[in-house]
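Here's the structure we're looking at; comments come further down.
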Amino acid sequence: MKERKLSLSTLDPALRIAVEATRDKKALDIVVLDLQGIATFTDYFLICTGGSHRQITTIADEIETKLKEEKRRPSHIEGYPRGEWILMDYVDFVVHIFTPTGRSYYDLERLWGDGKRLAIAS
(Lines give C-alpha, C1' and ligand atoms only; values in the text may rest on other atoms or scores of the structure.)
Protein backbone atom coordinates (compact mmCIF):
# COMPACT_ATOMS: atom_id res chain seq x y z
CA MET A 1 0.00 0.00 0.00
CA LYS A 2 1.27 3.42 -0.93
CA GLU A 3 1.69 5.94 1.84
CA ARG A 4 1.77 9.68 1.54
CA LYS A 5 1.96 12.42 4.11
CA LEU A 6 -1.07 14.52 4.76
CA SER A 7 -1.62 16.94 7.58
CA LEU A 8 -4.94 17.23 9.34
CA SER A 9 -5.21 20.81 8.14
CA THR A 10 -5.44 19.70 4.49
CA LEU A 11 -8.21 17.14 5.00
CA ASP A 12 -11.84 17.88 4.21
CA PRO A 13 -13.16 19.66 7.31
CA ALA A 14 -15.77 17.00 8.13
CA LEU A 15 -13.23 14.19 7.79
CA ARG A 16 -10.80 16.15 9.95
CA ILE A 17 -13.47 16.49 12.65
CA ALA A 18 -14.09 12.73 12.50
CA VAL A 19 -10.36 12.01 12.84
CA GLU A 20 -10.09 14.39 15.78
CA ALA A 21 -13.11 12.72 17.43
CA THR A 22 -11.44 9.30 17.15
CA ARG A 23 -8.33 10.75 18.76
CA ASP A 24 -10.35 12.39 21.54
CA LYS A 25 -11.81 9.00 22.45
CA LYS A 26 -8.42 7.26 22.34
CA ALA A 27 -9.01 5.12 19.24
CA LEU A 28 -6.03 3.04 18.17
CA ASP A 29 -4.36 2.64 14.76
CA ILE A 30 -6.18 5.50 13.05
CA VAL A 31 -5.81 5.25 9.29
CA VAL A 32 -7.30 7.20 6.41
CA LEU A 33 -7.36 5.43 3.04
CA ASP A 34 -7.66 7.65 -0.03
CA LEU A 35 -9.96 5.77 -2.42
CA GLN A 36 -10.41 8.54 -4.98
CA GLY A 37 -10.33 7.02 -8.44
CA ILE A 38 -10.72 3.50 -7.01
CA ALA A 39 -14.16 3.46 -5.38
CA THR A 40 -17.27 5.08 -6.79
CA PHE A 41 -19.22 5.17 -3.52
CA THR A 42 -16.83 7.26 -1.38
CA ASP A 43 -13.53 9.15 -1.43
CA TYR A 44 -12.05 8.03 1.89
CA PHE A 45 -12.22 5.37 4.56
CA LEU A 46 -11.44 6.35 8.13
CA ILE A 47 -10.50 3.15 9.96
CA CYS A 48 -9.76 2.83 13.66
CA THR A 49 -9.83 0.33 16.49
CA GLY A 50 -11.42 0.47 19.92
CA GLY A 51 -10.37 -1.74 22.79
CA SER A 52 -13.90 -2.74 23.83
CA HIS A 53 -17.49 -2.65 22.63
CA ARG A 54 -18.13 0.28 24.94
CA GLN A 55 -15.19 2.26 23.51
CA ILE A 56 -16.32 1.51 19.95
CA THR A 57 -19.80 2.89 20.60
CA THR A 58 -18.29 5.87 22.44
CA ILE A 59 -16.08 6.66 19.42
CA ALA A 60 -19.10 6.43 17.10
CA ASP A 61 -21.16 8.65 19.40
CA GLU A 62 -18.39 11.27 19.51
CA ILE A 63 -18.04 11.34 15.72
CA GLU A 64 -21.79 11.65 15.26
CA THR A 65 -22.07 14.41 17.90
CA LYS A 66 -19.19 16.48 16.55
CA LEU A 67 -20.38 16.22 12.94
CA LYS A 68 -23.98 16.94 13.90
CA GLU A 69 -22.71 20.26 15.33
CA GLU A 70 -21.49 20.99 11.78
CA LYS A 71 -24.86 20.00 10.28
CA ARG A 72 -23.44 16.73 8.90
CA ARG A 73 -25.41 13.57 9.47
CA PRO A 74 -24.54 10.07 8.29
CA SER A 75 -26.65 8.64 5.49
CA HIS A 76 -26.71 5.47 7.58
CA ILE A 77 -25.05 3.66 10.44
CA GLU A 78 -24.62 -0.11 10.69
CA GLY A 79 -23.47 -2.42 13.44
CA TYR A 80 -24.13 -0.14 16.38
CA PRO A 81 -26.15 -2.56 18.53
CA ARG A 82 -23.58 -5.32 18.23
CA GLY A 83 -20.51 -3.10 18.63
CA GLU A 84 -18.01 -5.38 16.84
CA TRP A 85 -17.80 -3.16 13.74
CA ILE A 86 -19.61 0.14 13.39
CA LEU A 87 -19.86 1.65 9.92
CA MET A 88 -20.86 5.29 9.54
CA ASP A 89 -21.49 6.46 5.96
CA TYR A 90 -21.01 10.18 5.42
CA VAL A 91 -20.99 9.74 1.60
CA ASP A 92 -17.65 11.55 1.01
CA PHE A 93 -16.07 9.29 3.62
CA VAL A 94 -16.99 6.13 5.47
CA VAL A 95 -15.93 5.53 9.07
CA HIS A 96 -15.12 1.97 10.17
CA ILE A 97 -14.67 1.41 13.90
CA PHE A 98 -13.55 -2.11 14.79
CA THR A 99 -12.65 -4.32 17.69
CA PRO A 100 -9.10 -5.68 17.22
CA THR A 101 -10.54 -9.07 16.19
CA GLY A 102 -12.98 -7.51 13.72
CA ARG A 103 -10.32 -5.32 12.15
CA SER A 104 -8.00 -8.26 11.69
CA TYR A 105 -10.76 -10.43 10.23
CA TYR A 106 -12.10 -7.92 7.70
CA ASP A 107 -8.65 -6.43 6.93
CA LEU A 108 -9.96 -3.49 4.90
CA GLU A 109 -6.46 -2.09 4.45
CA ARG A 110 -5.48 -5.23 2.53
CA LEU A 111 -8.80 -5.46 0.69
CA TRP A 112 -8.48 -1.83 -0.46
CA GLY A 113 -4.70 -2.07 -0.87
CA ASP A 114 -4.76 -0.05 -4.10
CA GLY A 115 -5.78 3.00 -2.08
CA LYS A 116 -3.26 5.41 -0.69
CA ARG A 117 -2.74 5.15 3.04
CA LEU A 118 -2.62 8.61 4.52
CA ALA A 119 -0.18 9.05 7.37
CA ILE A 120 -1.85 11.74 9.40
CA ALA A 121 0.62 14.17 10.94
CA SER A 122 -0.51 16.36 13.81
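The values are calculated or read from the model by the stated rules, or taken from the named source; none is laboratory data. Small disclaimer: the values here were computed from a predicted structure and weren't measured. With ideal geometry, Cβ positions are generated from the backbone for all residues, glycine too; neighbour counts draw on all protein chains shown.
For this structure, a couple of remarks:
- Per-region count, segment 13-35, residues in contact with an Asp or Glu (Cβ under 8 Å, 6 or more places away or on another chain), surrounded by fewer than 16 Cβ atoms within 10 Å (Cβ to Cβ) and among the acidic types (Asp, Glu): 1
- Qualifying position, being within 16 Å of ARG117 (Cα to Cα) and part of a strand (DSSP E or B), among LEU15, LEU46: LEU46
- Boolean, VAL95 is in a strand (DSSP E or B) and surrounded by 12 or more Cβ atoms within 10 Å (Cβ to Cβ): yes
- Considered as a group, the residues in segment 101-115 that are closer than 22 Å to GLY37 by Cα and among the small types (Gly, Ala, Ser) include one that is surrounded by the fewest Cβ atoms within 10 Å (Cβ to Cβ), and that residue is GLY113.
- Residues being surrounded by fewer than 18 Cβ atoms within 10 Å (Cβ to Cβ) and touching a strand residue (DSSP E or B) at 6+ places or on another chain (Cβ under 9 Å) - total across segment 68-92: 9
- Residue within segment 53-67 that is within 25 Å of ASP114 (Cα to Cα), touching a strand residue (DSSP E or B) at 6+ places or on another chain (Cβ under 6 Å), in contact (Cβ under 8 Å) with a residue 40 or more places away in the chain and of a type outside the set (Gly, Ala, Ser) present: no
- Unmet criterion (only one of (1) of a type in the set (A, V, I, L, M, F, W, C); (2) in a loop (DSSP other than H, G, I, E, B); (3) buried (at least 19 other Cβ atoms within 10 Å of the Cβ)) for ILE38: (3)
- Residue identified as modelled with pLDDT under 90 and among the basic types (Lys, Arg) among ARG82, ARG72, ARG54: ARG82
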